[in-house]
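Participant: Below: one structure in structure tokens.
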Amino acid sequence: MDDITPLDPLLTPIHLRKQLIDAGWSDRGIARALARGDLAKVRWGAYATKAAYDALDDGGRNGLRARAVVAQAGTDLVVSHVSALPFWGAPTWGFALDTVHVTRRDRKAGRREAGVQQHRGRLLPGDTVSRGGVVVSSPTRLAIEVTTTGRTEAALCVVNDLLHRKLTTRKELEARYLALDDEVDAPMDHWPGTLTANIVLRLCDARLESVGESRLFHLCWVHGLPLPIPQYEVRDRHGRLIARVDFAWPELGVFMEFDGKIKYTKLLKPGESITEVVLREKRREQEVCEATGWRGIRVDWPDLERAQATAQRIAQVLTPPSLSA
């Protein structure tokens, strides 16, 4: 569980207006620094260097705003829910990033105002961790939190990522989910949005390696398709390992690969181009088909946006030729 490097733009110093005024700045001077591009406005009364701000994606900027909220708060807050994702390098796909999420330590009633959602909940030992000096939700608690603030598909992407990187385990998730929470005098499964949590905890799988794979697995579930086996090792009749495919239905003689740019980048060998990787992957797919007689399916990002049509295409391949004739 390596910490964040101090040079990460997510940890860039935040300059509060009060601090700048105390240091001799004026509001006019701050405005000039903003116009010159020396500073960027993180939120009302909080600034950072524009270079660091520009280096962050939308998720990172949400995390930076969360740090500003904590610095400006009159109470002790923990960066939580969606806002804690960038501190763990977890995916923010599918989440609204316009609101900062924090959890109050004093357990007073939470509220939402000015783009900030304060959550109330009992923080048990192990629920928080310091990341680069910022107190955030632990991976186990965070996995449960995101199921209450996002769609099932987005939450599943996060939980699978945390499981795959061994930042938490299914056993730890289930134990924390059932732990008593004094906020409502009931287990965590009485939190708002826990129907999503129940589904995610049932579907999550540490073998799913990327957002694309998690979304494709979710697509199969939503459309009532048989759930495939992730990261399936394909062997020939002599037991020799041919390949590991993203998904497989061995009983149906079908395998499925998700094509994403990041996947091909990860497979790059020294001096190799993306085109060479794609051709090598095509040869690998052909070898799998020739050795097993299986049929293959390829799905990419645009296919995920055409979920209904993609599900129908997968279903047609899963249907044995003799039954579809």
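Participant: Pairs under 6 Å by beta carbon, first residue closer than 29 Å to Arg235 by Cβ in segment 291-316, partner part of a loop (DSSP other than H, G, I, E, B) and among the charged types (D, E, K, R), six or more apart or different chains?
Facilitator: Listed pairs, sorted by first residue: Ala291/Asp236.
Participant: Looking at (1) more than 22 Å from Lys18 (Cα to Cα); (2) surrounded by 16 or more Cβ atoms within 10 Å (Cβ to Cβ), which is the only condition Val100 fails?
Facilitator: Answer for Val100: the failing condition is (1).
Participant: In segment 127-160, what residues are assigned to a helix (DSSP H, G or I), in contact (Cβ under 8 Å) with a residue 40 or more places away in the chain and open to solvent by 20 Å² or more (accessible area, probe 1.4 Å)?
Facilitator: Residues satisfying the conditions are Thr152, Glu153.
Participant: State yes or no: is His81 closer than 29 Å to His218 by Cα and at pLDDT below 95?
Facilitator: So His81 does not fit the description; no.
Participant: Six or more apart or on different chains, Cβ atoms under 8 Å: show the pairs whose first residue is in segment 99-115 and closer than 15 Å to Val136 by Cα and whose second is open to solvent by less than 60 Å² (accessible area, probe 1.4 Å) and at pLDDT below 75.
Facilitator: Qualifying pairs under 8 Å: Thr103/Gly110; Arg104/Gly110.
Participant: Considering each of Ala315, Ala307, Ala325 in turn, give the residue that is open to solvent by less than 90 Å² (accessible area, probe 1.4 Å) and either at pLDDT below 95 or touching a helix residue (DSSP H, G or I) at 6+ places or on another chain (Cβ under 7 Å) (or both).
Facilitator: It is Ala307.
Participant: Here is a further query. Hey, among the residues in segment 161-177 that are among the aliphatic types (A, V, I, L, M) and not in a loop (DSSP other than H, G, I, E, B), which one's nearest to the chain's Cα centre (by Cα)?
Facilitator: Within segment 161-177, the match that is nearest to the chain's Cα centre (by Cα) is Leu162.
Participant: So Asp76 ticks every box in (1) modelled with pLDDT under 95; (2) touching a helix residue (DSSP H, G or I) at 6+ places or on another chain (Cβ under 8 Å) but one. Which box is left unticked?
Facilitator: (2) is the only condition that Asp76 fails.
Participant: Separate question: When Ala197 is evaluated against the numbered criteria (1) in contact with a Ser or Thr (Cβ under 7 Å, 6 or more places away or on another chain); (2) at pLDDT 95 or above; (3) not in a loop (DSSP other than H, G, I, E, B), which criterion, by number, is the only one it fails?
Facilitator: Status for Ala197: all satisfied but (2).
Participant: Same structure again: Which condition from (1) out of contact with any strand residue (DSSP E or B) (no Cβ under 9 Å at 6 or more places or on another chain); (2) on the phi > 0 side of the Ramachandran plot is the one that Leu201 breaks?
Facilitator: Of (1) out of contact with any strand residue (DSSP E or B) (no Cβ under 9 Å at 6 or more places or on another chain); (2) on the phi > 0 side of the Ramachandran plot, only one is false for Leu201: (2).
Participant: Within the set of pairs 6 or more residues apart or between chains, which connect a residue that is of a type in the set (Phe, Trp, Tyr) inside segment 201-227 to a residue that is open to solvent by less than 60 Å² (accessible area, probe 1.4 Å) with Cβ atoms less than 8 Å apart?
Facilitator: Sorted first by the residue in segment 201-227, then by its partner, the pairs are Phe217/Leu156; Phe217/Leu203; Phe217/Asp205; Phe217/Leu208; Phe217/Pro228; Phe217/Pro230; Phe217/Phe247; Trp221/Leu203.
The values are calculated or read from the model by the stated rules, or taken from the named source; none is laboratory data. Note that the coordinates shown come from a computational prediction; the quantities given were computed from them, not determined experimentally. Heads up, the Cβs are rebuilt from the backbone with ideal geometry, glycines too, and the neighbour counts pull from every protein chain shown. The accessibility values were calculated without ligands, DNA or RNA, using every heavy atom of the protein model including side chains. Shrake-Rupley method; radii C 1.70, N 1.55, O 1.52, S 1.80 Å.
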